[in-house]
Ligand SMILES: Cc1cc2nc3c(=O)[nH]c(=O)nc-3n(C[C@H](O)[C@H](O)[C@H](O)COP(=O)(O)OP(=O)(O)OC[C@H]3O[C@@H](n4cnc5c(N)ncnc54)[C@H](O)[C@@H]3O)c2cc1C
């Protein structure tokens, strides 16, 4: 009788929908385990349009664990901040403060820098594993999670042992997990983003101050608007993030990062901000301007269906505070690398993806609740109004590789108790050459349950405003 081998010696074939931060990071993590990875990205070319991204220690350590050259990320530490509040009558209040790196380890980069660092890591050809295949202009429009098939809008299809939905906030894959059709919603805040080269600002006396001192950020507040100006790209660029309320924005409910934005709208909304801010906005190149709604979604029941797992924004869209949206995508990638370790038996794939889902969901929900609560009130007061010790320990000090390895180890114990009774050496759950940094803090993390209550103190700012179907759903 012919028996089907349960382990594929050539590694699993893993298909990934989406070739942005989450998709690339997952490809790197799975290549390290010897799997054949194929990425399918809907965009015609790898896109490097994007603006500022906050990088906190859990994101940086995840990048290191993935083997990404963190120097290439060119993250700049924010050391000082000037906060300016302008009233309607023109009265202005200014406060300057230093930012203690231990208390608030704030680094800033740009989406293009992060994307390129990951892109280069994907293209490294060495003993790290099989070549990663990248297919552009491939838009997944239907999924067969049981058989591991992506169907593309050009009529073609691809089949894998595992399929990963890394297709972002408007994910197609999400609707194929049980309960996956719950609607995402927009918070009432929208955000204009842009990046301006240092030399452009240095030339104008009105804007030169933004690049005078390395690591200096500025935050302006006027009524319901907040403008954050942060250094990035080894201080060679400045990122602009302008948050405003857009109660009338019924259009573009699936707005993509690459869609054009209106500079006229930006200049109209800028009214009331000091003149140096207007001068700064004038220097934004129209094609570099991004105007995005901020998407959020209640937690999914599961990130998994049969042979498919969701990751990143496809699994858990959340407001972009403290860089945790990106950090969570990088952590998911590490977790998938642990779960789908080298030599994983084919008949364990579904159970392992289920374990990935339950373990990651617990953390993602806790982090999502926190980022919702932080809101931009935090921008005004560098997060002194919440439990920063727990934030440091549970969120920033997290090591996902260790976390998922422990979960997998326990799962193996319950699944194969005989292996452990016979005192076999523990199964190796990760086998790449990257050094694992230890979390700096020796303190124990609070339990996820306790954590859920942290950050709820300023929950007003995440009121739901619009559902994607277009009906206003004003809630708390
Ligand atoms: C071009 C771009 C610029 C960005 N700029 C910023 C920024 O400046 N600041 C910030 O905070 N965040 C930015 N983001 C979002 C940020 O990358 C994510 O919030 C976070 O990193 C989680 O990443 P993700 O890979 O899960 O989702 P995303 O980064 O949103 O990536 C999803 C990817 O999947 C692709 N995709 C979607 N649907 C399909 C489909 N059906 N078939 C195939 N491919 C599909 C998309 O084209 C995209 O490349 C940007 C994203 C993109 C795509």
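The values are calculated or read from the model by the stated rules, or taken from the named source; none is laboratory data. No experiment lies behind these values; they were computed from the predicted model shown. Neighbour counts run over all protein chains shown; Cβ positions are idealised from the backbone, glycine included.
Does the range 325-343 hold any residues that are within 27 Å of residue 103 (Cα to Cα) and either near the ligand (Cβ under 10 Å from one of its atoms) or surrounded by fewer than 24 Cβ atoms within 10 Å (Cβ to Cβ) (or both), and which are they?
The first filter runs over the range 325-343 and keeps only residues within 27 Å of residue 103 (Cα to Cα), leaving 325-332, 334.
Result: 325, 326, 327, 328, 329, 330, 332.
Mind listing just one residue for me: the one in the range 124-137 that is in a loop (DSSP other than H, G, I, E, B) and under 23 Å from residue 326 (Cα atoms) and, of those, farthest from the ligand (Cβ to nearest atom)?
Initial filter on the range 124-137 (in a loop (DSSP other than H, G, I, E, B)): 124-132, 136-137.
Imposing the further condition that a residue be under 23 Å from residue 326 (Cα atoms) reduces the set to 124, 132, 136.
Details: 124: 20, 132: 15, 136: 9 Å.
It comes out as 124.
Checking residue 158 against (1) buried (at least 20 other Cβ atoms within 10 Å of the Cβ); (2) in a strand (DSSP E or B); (3) more than 9 Å from the ligand (Cβ to nearest atom), which single condition isn't satisfied?
It is condition (1) that residue 158 fails.
Going residue by residue through the range 166-183, is there one that turns out to be more than 12 Å from the ligand (Cβ to nearest atom), assigned by TED's automatic domain parsing to the domain that holds residue 340 and part of a strand (DSSP E or B)?
no
Taking interchain pairs and intrachain pairs at least six residues apart, which have beta carbon atoms under 6 angstrom, with the first residue in the range 37-59 and touching a residue at least 24 places away in the same chain (Cβ under 8 Å) and farther than 30 Å from residue 105 by Cα and the second part of a loop (DSSP other than H, G, I, E, B) and more than 10 Å from the ligand (Cβ to nearest atom)?
37/132
Counting only residues that are within 9 Å of the ligand (Cβ to nearest atom), within 28 Å of residue 11 (Cβ to Cβ) and touching a helix residue (DSSP H, G or I) at 6+ places or on another chain (Cβ under 7 Å), how many does the range 42-70 have? Break it down stepwise before answering.
Just the residues of the range 42-70 that are within 9 Å of the ligand (Cβ to nearest atom), to begin with: 42-43, 46-54.
Filter once more, so that each one left must be within 28 Å of residue 11 (Cβ to Cβ): 42-43, 46.
Going one step further and asking which of them are touching a helix residue (DSSP H, G or I) at 6+ places or on another chain (Cβ under 7 Å), we end up with 46.
Final tally of qualifying residues: 1.
Can you name the number of the only condition in (1) in a strand (DSSP E or B); (2) surrounded by 15 or more Cβ atoms within 10 Å (Cβ to Cβ); (3) within 13 Å of the ligand (Cβ to nearest atom) that residue 142 fails?
It is condition (2) that residue 142 fails.
Within the range 278-291, is there a residue that is crowded, with 24+ Cβ neighbours inside 10 Å and more than 30 Å from residue 244 (Cα to Cα)?
Within the range 278-291, none of the residues are crowded, with 24+ Cβ neighbours inside 10 Å and more than 30 Å from residue 244 (Cα to Cα).
How many residues are surrounded by fewer than 20 Cβ atoms within 10 Å (Cβ to Cβ) and assigned to a strand (DSSP E or B) if we restrict to the range 84-114?
Of all residues in the range 84-114, those surrounded by fewer than 20 Cβ atoms within 10 Å (Cβ to Cβ) come to 84-105.
Of the ones still in play, those that are also assigned to a strand (DSSP E or B) are 84-86, 92-98.
Within the range 84-114, residues that are surrounded by fewer than 20 Cβ atoms within 10 Å (Cβ to Cβ) and assigned to a strand (DSSP E or B) number 10.
Need the failing condition index for residue 90 against (1) away from the ligand (no atom under 16 Å from the Cβ); (2) not assigned by TED's automatic domain parsing to the domain that holds residue 235, just the number.
(2)
Suppose the filter is more than 21 Å from residue 15 (Cα to Cα), in contact with a helix residue (DSSP H, G or I) (Cβ under 6 Å, 6 or more places away or on another chain) and either in contact (Cβ under 8 Å) with a residue 12 or more places away in the chain or more than 16 Å from the ligand (Cβ to nearest atom) (or both); does residue 121 pass it?
On the way: more than 21 Å from residue 15 (Cα to Cα): no; in contact with a helix residue (DSSP H, G or I) (Cβ under 6 Å, 6 or more places away or on another chain): yes; either in contact (Cβ under 8 Å) with a residue 12 or more places away in the chain or more than 16 Å from the ligand (Cβ to nearest atom) (or both): yes.
So residue 121 does not fit the description; no.
Looking at this structure, is residue 41 surrounded by 19 or more Cβ atoms within 10 Å (Cβ to Cβ), touching a strand residue (DSSP E or B) at 6+ places or on another chain (Cβ under 9 Å) and farther than 23 Å from residue 197 by Cα? Break it down stepwise before answering.
Working: surrounded by 19 or more Cβ atoms within 10 Å (Cβ to Cβ): yes; touching a strand residue (DSSP E or B) at 6+ places or on another chain (Cβ under 9 Å): yes; farther than 23 Å from residue 197 by Cα: yes.
Considered against the rule, which asks whether it is surrounded by 19 or more Cβ atoms within 10 Å (Cβ to Cβ), touching a strand residue (DSSP E or B) at 6+ places or on another chain (Cβ under 9 Å) and farther than 23 Å from residue 197 by Cα, residue 41 comes out as yes.
Quick check on the range 305-319: of everything there that is more than 10 Å from the ligand (Cβ to nearest atom) and part of a strand (DSSP E or B), which residue is surrounded by the fewest Cβ atoms within 10 Å (Cβ to Cβ)?
Among those residues, the one meeting the criterion is 305.
When the range 320-346 is examined, which residues are found to be over 30 Å from residue 78 (Cα atoms), assigned to a helix (DSSP H, G or I) and in contact with a strand residue (DSSP E or B) (Cβ under 9 Å, 6 or more places away or on another chain)?
Applying the first criterion (over 30 Å from residue 78 (Cα atoms)) to the range 320-346 yields 336-346.
Imposing the further condition that a residue be assigned to a helix (DSSP H, G or I) reduces the set to 336-339, 346.
Across the range 320-346, the qualifying residues are 336, 339.
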